[in-house]
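Below is one structure; the comments refer to it alone.
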Amino acid sequence: MAKKQLVKELEKQDKEELVRILGEMAKRFPIANMYLTMEFGFESAGIIEKYKKAIEKEYFPNRGHGKARSSRVNKILKEFAQIAAFKDDILEMQWYQIQRAVTYYQAYHHEYEPFINNLLKNWTVFLSATKSENSLSHFEKRIEDLFTDHFRRYWLYSKLWKIYEAPDAVEEELTETE
C-alpha cells in the first residue's frame, strides 16, 4: 500500500479504531512498540541504553577482545534510526559509535581497512547530519576531548580532522569512489 493511500485510509478511521490499530501494532511488532515509546517519551532512556550496550559489546565486550564488525555496528545504528523519534537521539547514538570506534582504534591499533573505511564514512555522515541540524556546536567540546594529544599522533587523526574541516568535500570524494 502506498503511503498516500495509507494516509487516506487512516483519515477515514475514527479515534477508537486508530487507538486499537496502534495498540495492535505495538503488541505485534517490537520495533513499533519501541518507536511509540520513544515518540511519547516513556522509558526512552532504557531503549537508548540498550542500543548503546549493543555498540559497546561490539567494541569492548565483558570478556575477550571486541570484534568491531562494521556490518553489525551499522545494523545497530540503522535499527536505532528507525525507532528514534527525535533527530537528537540519532545524532547522540552516532556520536557514541564514533567515540567507541576511536577508543577501540587507540586501544588496539586496529588497522583493518573495512573498520577504518566504516569509521570515516560514519564520521562524514555524522558531521553532515550535525551541520544540517545546526547542532555541530553542541558536539565541538566532545570532539576536542576525543582528539587527545596522544591521538593526534596517529595518521587516523589527520584523516578525521580533514573531514571535520571540510565534510562536504570528503563526502563527494567518498560517493565518487563507490
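Taking 0.36 nm per residue of sequence separation and removing the Cα-Cα distance, the A81/E24 pair yields an extension gain of 18.3 nm.
Based on Cα contacts under 8 Å between residues 6+ apart, the chain shows a relative contact order of 16 percent. Angle between the Cα long axis of helix 87-108 and the longest principal axis of the chain, 0 to 90 degrees, nearest 10? Its long axis makes an angle of about 30 degrees. Per-residue Cβ neighbour counts within 10 Å put W123, W155 in the sequence W155, W123, beginning with the fewest. Measuring against 32 Å, Cα to Cα, the residue pairs K4/K52; K50/K121; K4/K50; K52/K159; K3/K53; K15/K53 contain K4/K52; K4/K50; K3/K53; K15/K53 as the ones spanning a longer distance.
No value in this document is a laboratory result; all are computed from the given coordinates. Keep in mind it's a predicted model, so treat the numbers as computed, not measured. When we count neighbours, we look across all protein chains shown, and the Cβ atoms used for this are built from the backbone with ideal geometry, even at glycine.
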